[in-house]
Every structure is written in structure tokens, then in C-alpha cells.
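Enquirer: One structure, as C-alpha cells, below. Some questions next.
Every number in this text was worked out from the coordinates using simple rules, so none of it is lab data. Just so it is clear, the model here is predicted, and its values are computed rather than measured. Quick reminder, even Gly has a Cβ in these numbers, built from the backbone with ideal geometry, and neighbours come from all protein chains shown.
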Amino acid sequence: MPLNRKIAYIDLTTGEIQVKPIPVELRNQFIGGRGLDAYLLYNHTKQGVDPLGPDNVLLISGGLLTATCASATTRTHVMAKSALTGMVGSTNMGGFFAPELAWAGFHHLVIRGKADKPVYLFIHNGEIEIRDAKSIWGKSVTETQWAIREELCDPEVKSLVIGPAGENLVRWANVMTGIKNSGGRSGMGCIMGSKNLKAVAVRGTMDVTIAHPVEALEYNKRFIDQITSSKVNQTMGTIGTPFIWGATNSWGGVRTRNFQYNQCDYSDDLEPERIDEIALETVGENHMAACFGCQVHCRGKHRLPSGPYKGRYSEGPEYTSQGAFGAEPDCKHADTVLTCNYLVNEYGMDTLETGSMISWAMELYELGILTKEQTGGIDLRFGNDEALIEMITRICYRKDWLADTLADGSLPAAEKIGKNSFDYLIQVKGMHNLHSDERGTPALALNIATASRGSDHLRSRPAIDLYHLPEPVLRKIYSSPVPYDGPLSSEQTTYEGKPWQVFWHENCYMAVDMLGICKYHTMFLGATHPNFEDWSRVVQLNTGLDYSPLHLWEAAVRANMLERLFNLREGMTRYDLKKGEMLNHRYFDEPLRRGAPGVVGRKIDKKKFIKMVDEFYAHKGLDENGVPKPETLKKLGLENEPSHLL
Amino acid sequence: MVTDEKTLSTSESLRETRTYGQCRCHNPSCMGRMRPDPGQQQVKCPGCGMEYRVHWIRPDFPRIRGPVWDANLKLAEEVLKKQKEGK
């Protein structure tokens, strides 16, 4: 049964390892994956814990459905207090790691302490070893993965690793489970590096028993048909996620030159079809790959077509890299984006934060806030492809003053650079925004302001708000599994009903993160993709647990509230521009200048935005400061947290 | 069983709303449906005049690759100009 997968507590300071079962009562409340990790983070850290100290915990998990017959249950979740934001750090990635961890007997790892020398963990069929990592420290992401396989003499070993960026405590360093299966955002690789933990390698052959195997497989065929027949997934299976960037740039929703423009014009070379041409030329027809148990195949494969790394094999880019290394720094060459994508993946750095930090520095340089002396002699203007590529390596290795400053994250960097550099920083809670520009889309603006891990699109973004769905369709989607009869609007530029949509998606995304399913298999990009009702069936058939759609919704609400409680404990206040749920002044002051006629001239209306946050808080049962009301905590069964049950 | 296997879920019931062979104008104040002829490389929205380059995922599956830059930038500039004059 998936339910017999264990939790392991590993202390890297003492070497002590404990293994425990996961009580079904906690499963019922927090399901697994990110939900149970939120419980563990809140319970195993104290207020003000040093994120880089031994008392911070690093949590690694798979979801409740990981390694079952369910489709795309591939996701690995990693959580800790973030050194980038000082709040919830959380990341979720595809690949093959979490299923292998489940076959090795575990769903959750709780890692604390700090090893006195570089180590890695090897977990295999219920056993956990702490091994010397001296020979792999300093290696890149893919070098590390191959070196571990060679050392363990097993090509089937899957590993979750950090690259040099994590070792050098770049605050937004990734954890990586493949060539480009990246756990980005909020710097979980930095936390691994702070513990001298280079990698977690897993290999398992322990069966996962399915509750109703015949019915589960039969239902999965229906689930897969629903997924693979959608237009959005057929597009992704052909040209990958870059199609998202192309569509967004087309109407004017892409951050360009940091935040000066909202469209990267004449950028044909960055478009997904161009990247697809490169993949066809360098790899051939079959250049789309998939994660464990997924039928979408959204991961492009290619070889670098030019530059110092010409011929190297690489994967991606995701749409995020087109934004981070194309539009934001205004470098309009596919070859540059692919080179930058390759470098951040090998170094183990978050593509979004890297591109955004460099683009921010470019604007500061052009404004004269940064001097050429401070940039180490680099002409850091927009559109300078060579400067962009060079800065990535400099930041990874903290090579000079500016690189070292940027590597510490946006808020400390703004403080160190001084002047009015903070005014140009497009961040929330200390984490940069996605490359998208939300000035024309109030729902998306609300999403990034209130996302638990900082400005982020994967926590609550109602992306289908951009599809202009008819009101009856919206009503059908957003009135289940809990009734809703408030306003809803097909128009993406309005404010009505958006707080409910953001609240609904916040719970939808938490639910898939608890189950271990990819977001491309839910109502993120496709309005006809599965959600609560479908998952309820999948859970029942695979695990035997009778979780109704409403049960899954309530568990998601509960887990989201725990993340909020953690942030509040760490000092989050509503209107604080550095630790709160407020947007940079440019959202309210600088209108959009490019894009479709219906977008041009738009900016966020501050009064309406504040009203949206008020409504969002009301849906969540919070007071006007964003703090949960006592009755809300009681209703969710959180009034006694931390309860220290696991 | 918590749900009836024979009934359609919300997402399954919405499947009939899918519109194969069409793509949507990207202008949020328009969002009209367009059905390019097979193999057509450019399409102009009859509703708002925005022009797009078309990519074919399959012979029966068009998608908007990107704007016709000169045409759409001109439209954006006209809107900006009108907004400035309006002030």
C-alpha cells in the first residue's frame, strides 16, 4: 500500500536515523507531499530559526499517490525555511525521484543538523546510509548524478542533487532531480548546501500495492484520455511549455527590460517554434520527453547550437527561461536563451530568479545606480547577450562584488546597493516575480501578492482566467466542491470574482501538491483538466481511502493555512513591501505601453486591489491583517498547532 | 466508492466545450474565435483587426505563433495616442 510508506528522520550532525510510520489520522488531515511537509515544517522549526543553521529542517517527499497507477504522480516536493525570503521555502519538481523514493520505502524525509564534511544520503529498500561526498563536491548537476550512479554501480539510481550554486549558498539555488527537472524558487538548494548535503540518492524495488488494481488501471485510461485529448496538452507535447511564453507575449503579458515594457517585440527567434526547429535539427523527430507516468511529454531535448558549449546535450527550456533570459534582459536570441538555460541547470540555479536579478541590475546600470566599476567592468546594458551569460557564472561562484551581492538575494542586495534600487525590484516577500506582467490581469496580480512562497505563479494563479470562458462554464468550475454564488467574470481585466478564483486555485494546487500529481494534469492551463472530483476517484481506487472531493478541498485549505501560520510566525505583515502581500509601486503607477489594444494603458487600481485582498482574506477566514480568526483555526482543527504528533 | 463511476466529473462534462480547429484572438477586449483555412500562415481578427502569425500543430490544429509585429504595434500606438489625447 502507498500508506505503508514511512517517514525517516535524519540528523546530519549526529548521524542518528529514525524511521516511523505515518499515522493515518495525519494522512487524513494533510494527505501527503506538500501538505504533510507544511505540518512538519511548522512543527519541527521554531520562530526565527536561522535558515542556514542546523536547526532548520529540510523536508523531502512524494505525494500520497506517488508510484501508484495514477497518471503523472511524479512530483517531488522539498520544503524548509527559505534563506531567500525568510519564510516558507517550497519547491516541486518532476522527473523520477519521488517514485523511486516510494519504492525504496519512504514518502517523507526530515533532515536536520549539519554534516561536518560534504555527504550524500543513499536510500535503498528501507535502508539509509550517510556517505562521503568529497569526490562529488564541486561537480555540476549532471556530473554529480552520473558520478553517484558510477560509485553505486547502478545506472538506475535516481538522485536529488545540488550544483555549485547550492554549495556556494546562492540564496536561490535549486535542487535538481534530472538534467532540467528543477526544484526552483525559494532556494531549497541553498538549504541543502548549508547542511553540507550534496545529494540524496535512492533506489528501490519494494512493491506498492494498489487497493483496486483493475479498476484503478481502467479508470486511469479515462483520466489519460481526458488529459491527452486537450488542446493545451497536445500543444505542450509538440513544442513544450514555451508555447505559454509565446501566447503571453502575443497579447502583452510578458515583463520586458525588467519591468519597463510588457511585450518583447520582434522576438521571433525566441518563439517556441524556433526552439522546436533547433531541437529537430540537433536531436531529431523524437525530441520530446516525459516524466514518470506522464503522457504529455512536455520536456524538449536539444543540443546547444552555438557558443562555448556548442554540441552539449540539454533539456528545456521551460517558458520561464524564455522570459528570464529573453524578454527580461531583452536578449532576443534563442541560442542565448539555450546557453543560459544550460548553465543554470548545470549550476543548479533558479532560472527565474537568475534572469530577474540580472535584468534588475541591468536597469540599475542603465539608470546609473550601478557603475561599471561595481559591475566588475561588465557593460551591463539591456540586450547584451555576452554580459548576461557571463553574469550567470559570476553569480554562481560569487566572483566579484556585484555577483556576490546579487547571490545573497534581492532584498539584501537592494540594501547593499542602496540609492533607490529597491523601487525597481519586482518582488513579493523577497522573491522575484515570474516573467509575466500582471498589470492587465488583476486576478494574476492578486495571486502573486498572496502566494505563500513569495511572488509566484504556481501557488494560486487562475491561468484559465485568460481564456475568456463563458460565465456558465466558470460557474460550473468554481462552484465545486464547495458552493459559490458570488460574482464571476469572463473578462480578465476586471476585478469582480477574482478573489474567489484565486482562493479556489490556491486549494486546487495545494491538493495536487499533496497527491504528488503534476499541475499540467489539473486545472492550471486547461479548463477541462481533472480536479477534485477526479482525484477523489483516483485516491479511492489506488489507496482505498474514501476521500471525497470536499475532504480533499478541506485538507488543502488546512495545509495552506499552516503555510500562512508559518509566514506569520516569521513576521509577515500585510502591507510590508518586503515581507507582506503588497506589490511594487510600478504596478499601480506605470501603465502598460505595448500589446493588444485591450491591454494598452492598463495598470492595477490600488483601491480595487486592496479590496480584492480583503475579499480573498474573507474567503480564507482571515481578519483584515491576514491573520486567521480563532474560529477559522478551530474549524480547520489547527487551534492546537504545533501539535508535535509526527 | 465516494463517487459514481458512471457519472461525468465537472472537467469531463466540460469536454464538449472544446473548440478544435479554432484559435482565439489575444485581445482581451475582443477574444473572438478565428478559424484559419488549412495551412494559412497569417490571420486577421474580424472583430478587432489584430493580425497574427499562425503555426500548425497538426494540419487540423492551428495556434497563434505571435503577432504580425508592424500591424499590432501600430494598433497599440494608436490606442496610446488616443489615451494621451483623452487626458
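Enquirer: Which chymotrypsin sites (Phe, Trp or Tyr not before Pro) does segment A:544-646 hold that lie in a coil by DSSP with at most 12 other beta carbons within 10 Å? It would help to have the intermediate numbers written out before the result.
Expert: Values: sites: A:Tyr547, A:Trp553, A:Phe566, A:Tyr575, A:Tyr587, A:Phe588, A:Phe609, A:Phe616, A:Tyr617; in loops: A:Tyr547, A:Tyr575.
Sites meeting the loop and neighbour criteria: A:Tyr575.
Enquirer: Of the options A:Leu469, A:Pro99, A:Leu338, report the single residue whose Cα projects farthest towards the positive end of the charge dipole of the protein assembly as shown (beta-carbon charges: Lys, Arg +1; Asp, Glu -1).
Expert: Looking along the dipole axis, the top candidate is A:Leu469.
Enquirer: Moving on to the next point. Convex hull volume of the Cα atoms in segment A:329-450, per residue, in Å³? Intermediate values should be presented prior to the final figure.
Expert: Numbers: hull volume 13.2 nm³, N = 122.
Considering the Cα atoms of segment A:329-450, their hull volume per residue is 109 Å³.
Enquirer: With contacts defined as alpha carbon pairs under 8 Å and 6 or more residues apart, what's the relative contact order of chain A in percent? Don't skip to the end; give the middle numbers.
Expert: On the way: 1505 pairs, mean separation 101.8, N = 646.
Rounded, it is 16 percent for chain A.
Enquirer: Each residue of segment A:149-154 in order: what ³J(HN,Hα) in whole Hz does its phi give by Karplus 6.51 cos²θ - 1.76 cosθ + 1.60, θ = phi - 60°, with x for Gly and Pro?
Expert: In residue order, the calculated couplings are 4, 5, 4, 8, 6, 8 Hz.
Enquirer: Shifting gears a bit: Tell me the label-point distance for the pair A:Leu367, A:Arg381, using the 7 Å Cα-to-Cβ offset, in nm and rounded to one decimal.
Expert: Result for the modelled spin labels: 1.9 nm.
Enquirer: Just tell me how shielded B:21-34 is by partners: mean number of partner chain Cβ atoms within 10 Å of each residue's Cβ, no decimals. Don't skip to the answer; put the middle values down first.
Expert: Values: counts 1, 1, 2, 4, 5, 12, 9, 18, 7, 4, 10, 1, 1, 0.
If you average over the peptide's residues, the count of other-chain Cβ atoms is 5.
Enquirer: Averaged across orientations, what area in nm² does the convex hull of the alpha carbons in chain A project?
Expert: 24.9
Enquirer: Within 10 Å of each candidate Cβ there may be at most 11 other Cβ atoms; applying that plus a DSSP loop requirement, which trypsin sites (Lys or Arg not before Pro) in segment A:107-215 survive?
Expert: On the way: sites: A:Arg112, A:Lys114, A:Arg131, A:Lys134, A:Lys139, A:Arg149, A:Lys158, A:Arg171, A:Lys180, A:Arg185, A:Lys195, A:Lys198, A:Arg203; in loops: A:Lys114, A:Lys134, A:Lys139, A:Arg171, A:Lys180, A:Arg185, A:Lys195.
For trypsin sites (Lys or Arg not before Pro) across segment A:107-215 that sit outside H, G, I, E and B with at most 11 neighbouring Cβ atoms in 10 Å, the list reads A:Lys134.
Enquirer: Something else: What whole number of Å gives the distance from the Cα centroid of segment A:79-134 to the Cα centroid of segment A:1-38?
Expert: 12
Enquirer: Something else now. Over the alpha-carbon set of segment A:491-611, divide Rg by the Kirkwood Rh and report the Rg/Rh ratio to two decimals.
Expert: Details: Rg = 18.2 Å, Rh = 17.1 Å.
When Rh is taken as the Kirkwood radius, the ratio is 1.06.
Enquirer: What is the calculated FRET efficiency for A:Arg475 to A:Ser229, with r their C-beta to C-beta distance and R₀ = 30 Å, to the nearest 0.05? All intermediate terms of the calculation are to be shown ahead of the outcome.
Expert: Working: r = 23 Å, r/R0 = 0.78.
Computed FRET efficiency for A:Arg475 and A:Ser229: 0.80.
Enquirer: Sticking with this one: Looking at segment A:360-469, which trypsin sites (Lys or Arg not before Pro) are in a loop (DSSP not H, G, I, E or B) and have at most 16 other Cβ atoms within 10 Å?
Expert: Details: sites: A:Lys372, A:Arg381, A:Arg394, A:Arg398, A:Lys399, A:Lys416, A:Lys419, A:Lys429, A:Arg439, A:Arg453, A:Arg459; in loops: A:Lys372, A:Arg381, A:Arg398, A:Lys399, A:Lys419, A:Lys429, A:Arg439, A:Arg453, A:Arg459.
Filter output for segment A:360-469: A:Lys372, A:Arg381, A:Lys399, A:Lys419.
Enquirer: Another question, then. Relative contact order for segment A:2-203 using alpha-carbon pairs under 8 Å, separation at least 6, rounded to a whole percent?
Expert: Reported as a whole number, the value is 22 percent.
Enquirer: At 7 Å along the Cα-to-beta-carbon direction for both A:Glu127 and B:Asp37, put a label point, then send me their distance in nm to one decimal.
Expert: Spacing of the two 7 Å Cα→Cβ label points: 7.0 nm.
Enquirer: Modelling each spin label as a point 7 Å along the Cα-to-Cβ direction, I'd like the A:Cys153/B:Ser13 distance in nm, to one decimal.
Expert: Each label point lies 7 Å from its Cα, and together they span 5.9 nm.
Enquirer: In segment A:244-432, how many lysine pairs have Cα atoms under 19 Å apart, counting only pairs 8 or more places apart or on different chains? Mind showing how you got there, number by number?
Expert: Numbers: A:Lys301/A:Lys310; A:Lys310/A:Lys332; A:Lys372/A:Lys399; A:Lys372/A:Lys416; A:Lys372/A:Lys419; A:Lys399/A:Lys416; A:Lys416/A:Lys429.
So the count of such lysine pairs works out to 7.
Enquirer: What's the magnitude of the charge dipole for segment B:18-86 around its Cα centre, counting Lys and Arg as +1 and Asp and Glu as -1 at the beta-carbon? Answer in Debye, nearest 20. Don't skip to the answer; put the middle values down first.
Expert: On the way: 13 positive and 7 negative charges, 51 e Å.
The calculation lands at about 240 debye.
Enquirer: Distances longer than 26 Å among the Cα atoms of segment A:153-298: what percent of all pairs is that?
Expert: 53
Enquirer: Given H placed 1.01 Å from N in the peptide plane, which residues other than close sequence neighbours of A:Gly89 have an amide H under 5 Å from its amide H?
Expert: Those qualifying (amide H under 5 Å, at least 5 residues apart or on another chain) are A:Ala80, A:Lys81, A:Ser82.
Enquirer: Same structure again: Name all residues of segment A:251-265 having a backbone nitrogen under 11 Å from the label point set 7 Å from the Cα of B:Lys84 along its Cα→Cβ direction, giving them as ranges.
Expert: none
Enquirer: What is the mean number of Cβ atoms from other protein chains located within 10 Å of the Cβ atom of each residue in peptide B:65-74, rounded to a whole number? It would help to have the intermediate numbers written out before the result.
Expert: Numbers: counts 10, 12, 10, 0, 5, 2, 0, 9, 5, 0.
Partner-chain Cβ atoms within 10 Å, mean over residues of B:65-74: 5.
Enquirer: Could you grab the relative contact order for segment A:193-342? Cα pairs under 8 Å, six or more apart, rounded to a whole percent.
Expert: 23
Enquirer: Determine which lysines satisfy two conditions relative to A:Lys6: a Cα distance under 20 Å, and not lying fewer than 8 residues away in the same chain.
Expert: Output for A:Lys6: A:Lys20, A:Lys158.
Enquirer: When Cβ neighbours within 10 Å are restricted to other protein chains, what is their mean count per residue of peptide A:229-235? Let's see the in-between values first.
Expert: Working: counts 3, 3, 9, 2, 0, 5, 4.
Across the residues of A:229-235, the mean count of other-chain Cβ atoms within 10 Å is 4.
Enquirer: Specify the inter-centroid distance of segment A:436-492 and segment A:56-72, based on alpha-carbon positions, in whole Å.
Expert: First find each Cα centre; the distance between them is then 26 Å.
Enquirer: Provide the per-residue ³J(HN,Hα) series for segment A:363-372, in order, calculated from phi with Karplus coefficients 6.51, -1.76, 1.60 and θ = phi - 60°, each as a whole number of Hz, with x at glycine and proline positions.
Expert: The phi angles translate into 5, 4, 5, 5, 7, x, 6, 9, 9, 5 Hz.
Enquirer: Across 5 Å bins from the origin, how do the percents of Cα pairs in segment A:244-432 run, short distances first?
Expert: 1, 8, 17, 20, 20, 15, 10, 5, 2, 1, 0
Enquirer: So how strong a dipole does segment A:442-636 carry about its Cα centre when Lys and Arg Cβ are +1 and Asp and Glu Cβ are -1, to the nearest 20 debye? Write down the numbers at each step before the final one.
Expert: Numbers: 27 positive and 24 negative charges, 109 e Å.
Once rounded to the nearest 20, the dipole reads 520 debye.
Enquirer: Tell me which aspartates and glutamates have Cα within less than 20 Å of A:Lys476's Cα, excluding those fewer than 8 residues away on the same chain?
Expert: Hits, sequence-local ones excluded: A:Asp465, A:Asp485, A:Glu491, A:Glu496, A:Glu506, A:Glu533, A:Asp534, A:Glu554, B:Asp4, B:Glu5, B:Glu12, B:Glu16.
Enquirer: Considering every Cα-Cα pair within segment B:18-86, what fraction, in whole percent, is farther apart than 17 Å?
Expert: On the way: 1029 of 2346 pairs.
Distances greater than 17 Å cover 44 percent of the Cα pairs.
Enquirer: List the residues whose amide H sits under 5 Å from the amide H of A:Met349, counting only those 5 or more places along or on another chain, with H placed 1.01 Å from N in the peptide plane.
Expert: Hits under the 5 Å cutoff: A:Asn174.
Enquirer: Here's something else I'd like to know. Report, in debye and to the nearest 20, how large the dipole of chain A comes out about its Cα centre when Lys and Arg carry +1 and Asp and Glu carry -1 on their Cβ.
Expert: 820
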